[in-house]
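First up is the structure itself, then whatever we jot down about it.
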Amino acid sequence: MASSTNSAFRVRFAPSPTGYLHVGGARTALYCYLLARHMGGAFVLRIEDTDEERSTEESMRMQIADLEWLGLRWDEGPHPQTLKDLGPHGPYRQSQRKHLYQDYAQRLIKSGHAFYCFMTDEELEQQRKQAEASGQAQQILSPYRDRALSEAQARLARGEKAAIRFKVNPVKRDYVLNDLVRGEVVFPSDMVGDFVLIRSSGMPVYNFCCVIDDVLMQISHVYRAEEHLSNTLRQMMIYEALGAKLPQFGHLSIILGPDKQKLSKRHGATSCNEYRLNGYLPQAINNFIAMLGWSSPKGQEIMSMAEMTEQISLDRFNSSPAVFDDQKLKWVNASHLRALPDDELWTLIQPFLESAGIKVPSDTGWRHRALELMKPYMSTLADSVELFKPLARGSFQVLPEAQETLAWESSRAVVGKWMEIIQGHPKAHLSEEEFNAAQEQVKSSCQVKGKFLFMPIRVAVLGKPHGAELKILVPLLDKSELVARAQTVLNGMA
Ligand code: GLU
């Protein structure tokens with residue numbers, strides 16, 4: 001891993017704040033972060049909020065909070081709390097950079113690479129219809145591309161509105177992109193017509209802002225979603241017109257749901273925030289999404305951020321679609337969760353228990369034992385709710401589903417004997433072995449076996465004949481609590 005600072009390696013994550021941070025966006029951010037750390041370079045966060053109708057401040061804050069939660073700290077960009085610009089290339093929000101886009105559009109007009117276009121919506125629609133009729137994709141060929149600038153200026157001075165379009169060279173040629181993920185991609189230049197840089201409303205378009213910013217922010221490597229591959233030709237043309245060096249591009253594979261359709265809300269949780277709320281750990285999300293399109297050269301599947309930072313490289317990204325497998329994510333989460341020290345794990349599950357109103361003993365010895373026993377059954381932090389529910393103090397109830405068990409002739413004797421044995425137990429808790437021995441005693445004393453033995457005891461502990469394993473729960477319940485529960489059951493049978 002490069003240890004010294006490598007000012008030539010600069011990557012950026014450039015989300016549009018038009019919703020939550022999707023796992024696909026998080027993956028792009030993660031790769032950029034890991035590569036920046038690996039190369040000793042810089043990770044820049046740029047907010048692409050020029051779409052005034054769809055961008056919101058709230059979405060930006062949410063996405064920033066999610067990136068923070070994932071631990072993907074950026075070196076330059078809005079400060080995570082104050083949103084003030086951090087770094088020498090700001091502002092880092094495109095809505096605050098509009099003057100720069102205007103300035104560069106003027107430069108391109110002056111150099112003959114762009115022009116004012118006065119085409120009306122009707123004229124554009126007519127061209128679109130003609131293209132459709134001839135079975136071709138629409139490529140705008142503006143009648144204004146070769147008009148004198150003075151003519152356009154006069155019209156503007158009269159208050160007319162014009163878009164600024166890029167003047168695509170009519171001589172057809174191939175643009176060749178050596179994509180870091182997809183290899184060589186060839187774009188014939190006639191795939192695009194005279195495309196818009198700045199709309200007549202004054203709003204600059206994504207392809208233009210993106211290039212200007214990547215140039216001014218000295219971005220050396222652009223990793224982004226595959227869906228942006230088709231934008232790259234226009235962007236290459238703009239770089240060429242500006243005489244700017246093209247960064248290296250890497251278009252990351254698409255992420256599919258288990259049904260092999262593009263991952264979407266239909267497949268369940270897709271935002272980082274939902275995963276956080278559902279009890280997933282940031283280190284597990286990072287680990288799992290890293291594997292969607294990248295693999296460890298050592299074949300490791302469970303990896304820490306430090307291991308991923310060490311092993312990541314520019315050339316191990318996979319171009320074929322990645323399938324998002326929820327079961328695998330659970331497994332990855334369970335692995336990270338089980339590796340946590342008990343104190344840390346307890347701090348993380350506490351809010352889940354609290355919001356479910358579950359009160360459990362506060363002594364650390366008990367908590368340590370509880371976690372040791374429960375951990376193997378936990379995949380997410382949220383799983384702790386169901387696991388700890390039967391241990392909550394003052395929550396015991398005999399549920400209607402227990403009635404059938406309690407109606408058996410032998411059940412009263414079983415519960416009574418169980419209570420008697422617990423009452424006589426010399427210690428405050430039973431170990432797993434002591435619990436097994438207690439069951440054996442009930443068995444021989446009441447002459448019952450199988451469900452006639454186990455199910456009434458379950459009711460005496462859980463209030464229902466099914467649920468979590470007693471050999472785990474009983475050692476975590478105080479003797480007094482076990483006796484009180486059995487007594488409640490007996491009272492209910494009277
Ligand atoms: N703002 C774009 C998006 O959110 C990013 C495009 C890019 O990385 O060039 O998809």
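Counting other beta carbons within 10 Å of each Cβ, put 251, 429, 99 in order, fewest first.
99, 429, 251
Report, to the nearest 10°, how far helix 326-338 tilts away from the longest principal axis of the Cα atoms in the chain, using its own Cα long axis and a range of 0 to 90°.
Value to nearest ten degrees: 60.
In the range 30-63, what trypsin sites (Lys or Arg not before Pro) fall in a loop by DSSP, with at most 13 other Cβ atoms inside 10 Å?
Working: sites: 37, 46, 54, 61; in loops: 46, 54.
Answer by residue number: 54.
Mind listing the long-range amide H neighbours of residue 21? Cut-off is under 5 Å, sequence gap 5 or more, other chains count too, H placed in the peptide plane at 1.01 Å from N.
When sequence neighbours closer than 5 places are left aside, the close amide H contacts are 272, 273.
Skipping prolines and chain starts, which residues have an amide H placed within reach, meaning under 5 Å, of the one on residue 223, given they are 5 or more residues away or on another chain?
Excluding prolines and chain starts, which carry no amide H, the hits are 12, 250.
May I ask for the Kirkwood hydrodynamic radius of the range 101-226, worked out over all distinct Cα pairs and given in angstroms to one decimal?
Final number for the Kirkwood radius of the range 101-226 is 16.3 Å.
I'd like the distance between the alpha-carbon centres of the range 420-494 and the range 31-71, rounded to an integer number of Å.
One Cα centre to the other: 54 Å.
If you take the charge dipole of the chain about its Cα centre, with +1 on Lys and Arg Cβ and -1 on Asp and Glu Cβ, which of 86, 219, 29 is farthest toward its positive end?
Ranked along the dipole, the leading option is 219.
Please give the charge dipole size of the range 262-345, origin at the Cα centre, charges +1 on K and R Cβ atoms and -1 on D and E Cβ atoms. Round to the nearest 20 debye.
Once rounded to the nearest 20, the dipole reads 460 debye.
Suppose only helical runs count, i.e. DSSP H with n ≥ 4. What mean residue ellipticity at 222 nm does that imply for the chain under -39500 (n - 2.57) per run, divided by all residues and rounded to the nearest 500 deg cm²/dmol?
That calculation yields -13000 deg cm²/dmol at 222 nm.
Would you mind checking which residues have amide H under 5 Å from residue 323's amide H? H placed 1.01 Å from N; only 5 or more apart, or other chain.
256
Output the relative contact order of the chain, whole-number percent, from Cα pairs under 8 angstrom with separation of 6+ residues. Don't jump to the answer; show the numbers that get you there.
Details: 732 pairs, mean separation 59.2, N = 494.
Normalised by residue count, the contact order of the chain is 12 percent.
Would you work out the relative contact order for the range 358-442, in percent, from Cα pairs under 8 angstrom that are 6 or more residues apart?
Relative contact order, the range 358-442: 26 percent.
Net charge near residue 347, counting Lys/Arg +1 and Asp/Glu -1 over other residues with Cβ under 14 Å of its Cβ?
That sum, taken over residues with Cβ under 14 Å, equals -3.
Residue-wise, which Karplus ³J(HN,Hα) couplings in Hz belong to the range 27-39, taking 6.51 cos²θ - 1.76 cosθ + 1.60, θ = phi - 60°, and x for glycine or proline?
5, 4, 4, 4, 4, 4, 4, 4, 5, 4, 5, 4, 8
Hey, if you put +1 on the Cβ of every Lys and Arg and -1 on every Asp and Glu Cβ in the chain, which of 305, 437, 6 ends up farthest toward the positive end of that dipole?
The listed residue farthest towards the positive side: 6.
If you find the alpha carbon centre of the range 225-277 and of the range 326-355, how far apart are they in angstrom?
Distance between centres, Cα-based: 30 Å.
Give the peptides 393-399, 383-389 in descending order of average Cβ contacts within 10 Å, highest first.
383-389, 393-399
Can you check what the net charge comes to around residue 226, using other residues whose Cβ is under 13 Å from the Cβ of residue 226 (Lys, Arg +1; Asp, Glu -1)?
That works out to +2.
Looking at the range 155-294, send over the antiparallel percent of its DSSP beta bridges, to the nearest 5.
65 percent
Which order do the peptides 453-462, 324-333, 62-71 take when ranked by the mean count of other beta-carbon atoms within 10 Å per residue, highest first? Could the numbers behind the result be given before it?
Numbers: 453-462: 23.6, 324-333: 17.5, 62-71: 19.5.
For the peptides 453-462, 324-333, 62-71, the packing ranking is 453-462, 62-71, 324-333.
We did not get these values from a lab; they are worked out from the coordinates using the rules stated. Bear in mind the structure is a predicted one, so any value in this text is a computation, not a measurement. FYI the Cβ positions are ideal-geometry reconstructions off the backbone, even for glycines, and counts take in every protein chain you see.
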